[in-house]
Amino acid sequence: MKNHIIKLSVFVFVIFLNACKTEKSNKKENDSSTEESFYLGQKPPGLIPEIFAPGIISINGRYEHGISFSPDLKELYFGANYEDQDPSIYFSKLEGKKWTNPKKANFTKGKKIGEMHPFVNPNGTTIHFAAHDAFTLPHHKESVKTWYVKRVGNSWSDAKQLDSPINDDFVFYSNEAKNGDIFYTNMSKRKIYYAPKINDKYPEVHEVGTEGFHGFISPSQDYLLVNARNKEDNQRKSDIYVYFKKKETGWSKAINLGSEVNSNFAETCPSITPDGKYLFFGRYNEERELSNLYWVSTEVIEKLRPKQ
């Protein structure tokens, strides 16, 4: 009887172990299949930039500019427009194992003609974007302001213009660090600014102290990406540079990301994915009147980081 109980116990234990292994295996397979679905199932790039999702997101004959992903990487938002059109924000979502066809977001519901430069904040609760009146108006620049929507379930709230001195000027390309500080480009002053988050508001603004446009701050604020004219090579109209935060105070000198990333065409609108793995940017080919989105491993940035 005793031996029978021992054998039964061993049998039950073996079944339990096999069940655990099966569950772990299934979970691993599910996680793996989900990871393969991220980034529209595109093959990840290495140190050489690749066009992102050609024919789906990057469409020839259209200008794509500025892309942002939700923290779980299951939603993406980007700006795009055809020539002589005002820009719109498009979005796509991962539903099951498939991404939906990109559709216009129309956050302002017609209050503004153009919407561009979407950025999903680090906790996924807010999308910052720029909105403006028609570019055909004589004072369209004054209408370009920072707006936002808040997440409501699986959708977004009505869009509102941010109540902050940020919007005292012509501004765009707002993005948020992990602590809530907003970095943006002030086109009226042609400089990059930031607004610290104070009691869930942005009551003051400060110059960052760097050159360039379309400034994108890393989540921990240890580096800042910009695009700027290459002063040493007239063939390069706009290159992407990185500033690293110094240990004491201020920023390092601007470091060009090099010929692996920058070309004789114009590189603009840099951004980093929430997982920190990839740098996205737009590349404008003036000869072919194309502006597609490219992506590359963030190792191109890390290898330039000064050794402390």
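Rounded to whole Å, give me the distance from the Cα center of segment 244-275 to that of segment 40-111. So the two Cα centres are separated by 22 Å. Pairs from the table (103/160; 93/237; 189/277; 111/197; 247/303) lying more than 29 angstrom apart at Cα are 93/237; 189/277. With a/c under 1.5 counting as rounded, go ahead and sort segment 78-134 into rounded, prolate or oblate using the C-alpha gyration tensor (a ≥ b ≥ c being the square roots of the eigenvalues; past the cut-off, prolate if a/b is larger than b/c, else oblate). Note, shape of segment 78-134 comes out oblate.
Rounded, prolate or oblate: which fits segment 47-202 when a ≥ b ≥ c are the square roots of the eigenvalues of the alpha-carbon gyration tensor, with rounded for a/c under 1.5 and prolate only if a/b beats b/c? In terms of gyration-tensor shape, oblate. Taking every C-alpha pair closer than 8 Å and separated by at least 6 residues, the mean separation divided by the residue count of the chain gives a relative contact order of 15 percent. Once each of the GluC sites (Glu not before Pro) sitting in a DSSP loop with at most 15 other beta-carbon atoms within 10 Å is removed, the chain keeps 84-203 as its longest stretch.
Rolling a 1.4 angstrom probe over the chain with all protein chains present gives an accessible area of which 51% lies on carbon and sulfur atoms. Residues in the chain average 55 Å² of solvent-accessible surface per residue, probe 1.4 Å, ligands and nucleic acids excluded. Taking 217, 198, 166 as the candidate residues, the one with maximal mean-square fluctuation in a Gaussian network model of the chain, Cα springs under 10 Å, is 198. The GNM of the chain, with springs linking C-alpha atoms under 10 angstrom apart, assigns the highest mean-square fluctuation among 247, 197, 104 to 247. For the chain, a crude dipole built from +1 on the beta carbon of Lys and Arg and -1 on the beta carbon of Asp and Glu, taken about the Cα centre, is about 1100 debye to the nearest 20.
With contacts taken as Cα pairs under 8 Å at a separation of at least 6 residues, segment 179-242 carries a relative contact order of 23 percent. Mean-square fluctuations from a GNM of the chain, with a 10 angstrom spring cutoff on Cα atoms, peak among 172, 265, 52 at 265. How tilted is helix 2-37 with respect to the longest principal axis of the chain? Cα atoms for both, answer in degrees (0 to 90, nearest 10). With both axes taken from Cα atoms, the answer is about 20 degrees. Can you match P(r) over Cα pairs in 20 Å bins from 0, in percent to one of these, (1) 32, 56, 12, 0; (2) 25, 41, 27, 7, 0; (3) 31, 53, 11, 5, 1, based on a calculation from the structure here? Working out P(r) over Cα pairs in 20 Å bins from 0, in percent from the coordinates points to (3).
The values are calculated or read from the model by the stated rules, or taken from the named source; none is laboratory data. All figures in this text were calculated on a predicted structure; none of them were measured in a lab. Ideal geometry is used to build each Cβ from the backbone, glycine not excepted, and the neighbour counts take in all protein chains shown. Each accessible area value is taken on the protein alone, full model and side chains, heavy atoms only, with ligands, DNA and RNA left out. Shrake-Rupley method; radii C 1.70, N 1.55, O 1.52, S 1.80 Å.
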